[in-house]
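What follows is a single structure, written as structure tokens, with notes after it.
The values are calculated or read from the model by the stated rules, or taken from the named source; none is laboratory data. Everything numeric in this text was worked out from a predicted model, so none of it was measured. Note that each Cβ is placed from the backbone with ideal geometry, even for glycine, and that neighbours are counted across all protein chains shown.
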Amino acid sequence: MTMQDELILALESPLTEDLELLFQRHTQDMHADTPPESIHMMPRETLVHPDIDFFVLRDGGRPVGMGAIKRIKDGHGEVKSMHVLTEERGRGLARLLVDRMIDSAQARGYARLSLETGTQEMFLPARKLYERAGFVECGPFADYRLDPYSVFMTLDLTKAD
């Protein structure tokens, strides 16, 4: 059995009990050095919504990563709550998660996928990951405003491979 055989990415409820550690770590990271007014993380309960697809990446049944796509409007989605456990990083799991979320967005008919991430050093690996996946910097979208703690990125899915 290869690593890929044990990895399963599926749509799940964000309220699934064994996701507590993922949400705790995600919340800690978001609050580590970002002012509260610049944190755009959605509370766990609000991720339960018909316009949100919530993905969980499991390794041998254990949740190791999560991410969501929120429908902004027809044809445009936003990546939300993406997180891979620190001790699982370096294995390509974040890239796998991003790639599969992009595939899902394309299958749902989205023409564009956008995201907001931080400007701080701790977010540099995430920004590099998104760049490698084809995202480019853009201006604020949806209800976002310019913020010195935010970087906005987008991916044109009509041109993505």
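In region 31-67, which residues are under 18 Å from S150 (Cβ atoms) and among the aliphatic types (A, V, I, L, M)?
A32, I39, M41, M42
Being modelled with pLDDT of 95 or more, of a type outside the set (A, V, I, L, M) and exposed (fewer than 15 other Cβ atoms within 10 Å of the Cβ) is the filter here; which residues of region 110-137 pass it?
Listed by number, the residues that qualify are K128, E131, R132, E137.
If you go through region 114-135 one residue at a time, do you hit one that is of a type outside the set (V, I, T), closer than 20 Å to D51 by Cα and more than 13 Å from the chain's Cα centre (by Cα)? Walk me through it before giving the result.
Taking region 114-135 as the starting set, the residues that turn out to be of a type outside the set (V, I, T) are 114-116, 118, 120-135.
If we keep only those that are closer than 20 Å to D51 by Cα as well, we get 114-116.
This time we only want the ones that are more than 13 Å from the chain's Cα centre (by Cα), so: none.
No, region 114-135 has no match at all.
Determine which single condition L93 fails, assuming it passes every other condition in (1) within 20 Å of M153 (Cα to Cα); (2) crowded, with 17+ Cβ neighbours inside 10 Å.
L93 satisfies every listed condition except (1).
Being modelled with pLDDT of 90 or more, out of contact with any Ser or Thr (no Cβ under 8 Å at 6 or more places or on another chain) and in a helix (DSSP H, G or I) is the requirement here; does D18 meet it?
Values: modelled with pLDDT of 90 or more: yes; out of contact with any Ser or Thr (no Cβ under 8 Å at 6 or more places or on another chain): yes; in a helix (DSSP H, G or I): yes.
Yes: the conditions hold for D18.
Could you give me the residue pairs with C-beta distances under 7 Å whose first residue belongs to region 119-144 and is under 21 Å from R91 (Cβ atoms), whose second residue is of a type in the set (A, V, I, L, M) and surrounded by fewer than 13 Cβ atoms within 10 Å (Cβ to Cβ) wherever it lies, and which are 6+ apart or on separate chains?
M122/A32
Which residue, of L96, L9, is under 24 Å from F135 (Cβ atoms) and in a strand (DSSP E or B)? Give the derivation first.
On the way: L96 fails: in a strand (DSSP E or B).
None of the others qualify; the one that does is L9.
Answer yes or no: is there a residue in region 74-91 that is part of a helix (DSSP H, G or I) and acidic (D, E). Step through it out loud before you land on a result.
Taking region 74-91 and keeping what is part of a helix (DSSP H, G or I), we get 86-88.
Next cut, acidic (D, E) only: 87-88.
There is at least one residue in region 74-91 that is part of a helix (DSSP H, G or I) and acidic (D, E).
For region 109-161, which residues satisfy the criterion of being among the β-branched types (V, I, T) and in a strand (DSSP E or B)?
Restricting attention to region 109-161, the residues satisfying the condition of being among the β-branched types (V, I, T) are 117, 119, 136, 151, 154, 158.
Residues satisfying the conditions are T117, V136, V151, T154.
Between a residue in region 37-56 that is of a type in the set (D, E, K, R) and any residue that is buried (at least 18 other Cβ atoms within 10 Å of the Cβ) and in a loop (DSSP other than H, G, I, E, B), which pairs come within a Cβ distance under 9 Å, given they are 6 or more apart or on different chains?
Listed by first residue and then by second, the contacts come to R44/P14; E45/P14.
In the list L129, L96, which residue meets the criterion of being of a type in the set (A, V, I, L, M) and either under 16 Å from L9 (Cα atoms) or in contact with a strand residue (DSSP E or B) (Cβ under 8 Å, 6 or more places away or on another chain) (or both)?
L96
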